[in-house]
Amino acid sequence: MVRPFPLARTSPPARAVAAVGGVTLTILLLAACSGDGGPSPAPSVSEAAPTPAASTPPGPPKYDPRGTAADNLPLFTQVAAQVWGSPQSGEGRAYVDALAAAGFDKSDMQVSEDLSTIGNAAEALQFSVQFGDECLLGQAGPVTGRVVTTVGPALASGGCLLGETRPIDW
């Protein structure tokens with residue numbers, strides 16, 4: 001009789017390992033033949049096909065006057081990023097005008113001054129749009145190096161920005 005493993009010439013621990021390996025291999029082969037533990041069947045076409053809504057990319061953000069501040073944050077962020085990428089990135093009026101062009105109401109906006117009290121360009125501009133008791137808040141300038149936007153609570157005293165802001169009278 002020919003043995004697959006020369007067990008007679010190996011140590012008892014090696015023979016035990018070989019025997020366990022052989023039993024494990026036998027169990028795996030039997031499981032594969034019976035279908036247990038094998039790969040699961042491929043999903044049907046109806047399970048794998050994406051729904052039309054899932055395959056349609058979302059459109060650009062739009063202003064929703066009845067929405068919340070959070071609903072309008074994507075548009076607010078997009079508009080602010082466009083201004084940040086323009087030559088007018090250091091001008092508060094550019095943010096206000098672009099937000100107004102996108103549908104936001106100027107009467108709900110605040111913006112900080114473009115210049116510091118000693119006449120230097122502001123290290124950061126702040127701009128906001130109030131939605132009831134919430135605010136869309138934005139900041140852009142050399143200190144951040146990018147546009148930062150978020151939603152925050154409106155101030156108890158009214159408005160969104162602390163301190164003195166620039167009149168929006170244009």
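Where in region 140-170 does the amide nitrogen come within less than 13 Å of the point 7 Å from the Cα of Ser116, taken along Cα to Cβ?
Label zone hits: 142-143.
Which order do the peptides 126-135, 142-151, 78-87 come out in when sorted by mean C-beta neighbours inside 10 angstrom, highest first? List each step's numbers first, then the result.
Working: 126-135: 20.4, 142-151: 14.1, 78-87: 17.1.
By packing density, highest mean first, the sequence is 126-135, 78-87, 142-151.
Quick one: if you stick a label point 7 Å off each Cα along the C-beta vector at Asp64 and Ser157, how many nm between them?
Each label point lies 7 Å from its Cα, and together they span 3.3 nm.
With a ≥ b ≥ c taken as the square roots of the eigenvalues of the C-alpha gyration tensor of region 55-161, please select rounded if a/c is under 1.5 and otherwise prolate if a/b is larger than b/c or oblate if it is not? Intermediate values should be presented prior to the final figure.
Details: a/c = 2.04, a/b = 1.30, b/c = 1.56.
Judged from the Cα gyration tensor, region 55-161 comes out oblate (a/c at least 1.5, b/c at or above a/b).
Every read-out reported here was derived from the displayed coordinates using simple, explicitly stated rules and does not represent laboratory data. What you are looking at is a predicted structure, and each value in this text was computed from that prediction instead of being measured. A quick note on method: Cβ atoms are made from the backbone with ideal geometry, for glycine too, and the neighbour counts reach across all protein chains shown.
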